[in-house]
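Peer 1: Structure incoming, see below.
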Amino acid sequence: MSSMRIIAESVALDDLDRALVARLRLDGRESSRSLATALHVNEVTVAGRLRRMEDSAIMRVVAVTDMRLFGHREFAIALVRVTGRPIHDVAAELAELPETVSVTICTGRCDIIVPVLGRDRGHIGELFDTVLSGIDGVDDVHGSLALDVLKYDSAWTLLAADPGTTPETQPSDTVDAVDLDIIRMLQLTARRSNRSIAAELGVSEGTVRSRIKRMLAERVFRIQAVSDVVAFGLGAHAFVGIRTNTGTADAVAAALAARDDIAQLTRVLGDFDLIAVLVAPDREALVTAILHEISQLPGVRNTETFDTCATLKHTYAWTWVV
């Protein structure tokens with residue numbers, strides 16, 4: 001267990017901490033003065049609480065950026081089975097690939113679940129056929145191609161997990177080189193001032209302000225608090241594959257997307273009709289949600305659970321803006 005995880009588990013959160021995070025999930029750039037006024041405390045208290053939560057890997061405010069705007073328009077979920085090599089070693093090598101969004105060791109019929117990004121379906125095919133399967137110890141790669149990402153909640157992550165490398169971004173019709181520099185800085189910490197960003201980039205403060213405003217309006221990114229699931233009492237998480245009866249996938253998807261405990265939901269082509277990421281306070285609550293609620297939804301034929309054991313990578317600053 002990393003020292004970061006130990007810190008995150010040991011810091012107690014009170015109502016003020018939770019209220020600050022709730023407001024920053026809606027607007028990560030809300031000023032300390034505004035936060036203090038809304039929550040009836042002083043600015044020094046606000047600054048101290050935010051610093052403590054960031055230093056303890058409980059919460060960070062970042063620019064969560066839509067990966068599709070940078071040429072990564074295809075998404076798939078790979079189920080990897082390992083033979084002849086420690087699973088953790090294989091997972092660590094998978095985490096080094098820039099195309100992997102996250103790398104999770106799990107229980108079930110596969111050993112590792114790896115959501116991946118691709119420029120196009122040809123690139124996805126290459127990842128499955130050559131890149132993933134070519135890693136030493138990978139015995140089988142089976143996957144589901146995303147037809148539609150229905151929910152992608154970026155409020156939660158495992159901050160102790162390595163955010164890892166991501167596909168290289170290039171200027172486009174949407175963003176130029178200066179925009180990309182601003183995004184990179186905001187992905188590290190989005191509450192830094194426009195003045196400090198401008199000074200580092202050698203441009204005017206007005207340039208930074210207007211570019212951030214434009215990119216927010218065009219939904220290039222959103223600035224929000226990203227919270228550690230364990231620190232906030234969500235100690236159990238799983239991928240759940242869902243098969244539906246003919247003609248019911250849309251209704252099932254709508255019911256699942258409305259649930260607060262579903263962090264991500266993807267319509268897929270493959271063994272499942274839907275793949276969800278479920279979070280819960282503990283394993284008992286997780287199992288109850290799957291067996292007594294999700295599996296009993298009208299239209300659900302059956303479910304398959306991949307219980308999370310360890311997450312080696314999570315690129316929480318990149319998302320699929322739904």
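Peer 1: Rounded to the nearest 10 Å², what accessible area does SER32 show when all protein chains are kept and the probe is 1.4 Å?
Peer 2: 30 Å²
Peer 1: Which angle between 0 and 90 degrees, to the nearest 10, do you get for helix 15-26 versus the longest principal axis of the chain when only C-alpha atoms count?
Peer 2: Relative to the chain, helix 15-26 is tipped by roughly 80 degrees.
Peer 1: Let me ask something additional. Which cross-chain or sequence-distant (5 or more) residues have an amide H under 5 Å from the amide H of ILE112, H modelled 1.01 Å from N in plane?
Peer 2: Hits under the 5 Å cutoff: VAL80, CYS106.
Peer 1: Right, here's the next one. With axes computed from alpha carbons, what is the tilt in degrees of helix 205-217 against the longest principal axis of the chain, rounded to the nearest 10 within 0 to 90?
Peer 2: 30 degrees
Peer 1: I've got another one for you. Identify the trypsin sites (Lys or Arg not before Pro) of the stretch 58-167 meeting these criteria: DSSP loop state and at most 15 other C-beta atoms within 10 Å of the C-beta.
Peer 2: The qualifying sites are ARG73, ARG109, ARG119.
Peer 1: Also, I was wondering about something else. Bins of 5 Å, beginning at zero and ending with the bin holding the largest distance: percent of Cα pairs per bin for the stretch 238-322, please.
Peer 2: All Cα pairs considered, the percentages come to 3, 13, 26, 26, 17, 10, 4, 0.
Peer 1: On to the next question. Compactness ratio of the chain: Cα Rg over 2.2 N^0.38 Å, N = residue count?
Peer 2: In units of the globular-protein estimate, the chain measures up at 1.02.
Peer 1: Which residues' amide hydrogens lie under 5 Å from the amide hydrogen of ASP273, considering only partners 5 or more residues apart or on another chain, with H built in the peptide plane?
Peer 2: It is ILE242, ARG243, THR244, by chain and number.
Peer 1: At 1.4 Å probe size, put LEU278, LEU234 in order of accessible surface, largest to smallest.
Peer 2: Sorted by accessible area, descending: LEU234, LEU278.
Peer 1: Over the stretch 173-322, average the accessible area per residue using a 1.4 Å probe and give it in Å², no decimals.
Peer 2: 44 Å²
Peer 1: Can you find, among PRO167, VAL46, TRP156, the residue farthest towards the positive end of the dipole of the chain? Put +1 on the C-beta of Lys and Arg, -1 on that of Asp and Glu.
Peer 2: Checked the options; the winner is VAL46.
Peer 1: Expressed as a whole percentage, what fraction of the accessible surface of the chain belongs to carbon and sulfur atoms when a 1.4 Å probe is rolled over the protein heavy atoms?
Peer 2: Taking all protein chains in place, the chain shows 51 percent carbon and sulfur surface.
Peer 1: Here is a further query. Gain in length, ASN245 to CYS309, computed as 0.36 nm per residue apart minus the alpha-carbon separation, to one decimal in nm?
Peer 2: 20.0 nm
Peer 1: Are there GluC sites (Glu not before Pro) in the stretch 133-222 that DSSP puts in a loop and that have at most 12 other Cβ atoms within 10 Å, and which ones?
Peer 2: Counting only loop positions with at most 12 other Cβ atoms within 10 Å, the GluC sites (Glu not before Pro) in the stretch 133-222 are GLU168, GLU218.
Peer 1: What is the set of long-range amide H partners of VAL220 at a cut-off below 5 Å, with H atoms built 1.01 Å from backbone N?
Peer 2: Long-range HN contacts for VAL220: none found.
The values are calculated or read from the model by the stated rules, or taken from the named source; none is laboratory data. From a predicted model like this one, the values you see are computed outputs, not experimental measurements. For neighbour counting, all protein chains shown are included, and Cβ atoms are generated from backbone atoms with ideal geometry for every residue, glycine included. When the accessible area is computed, the model is the full protein with side chains, heavy atoms only, and any ligands, DNA or RNA have been set aside. Shrake-Rupley method; radii C 1.70, N 1.55, O 1.52, S 1.80 Å.
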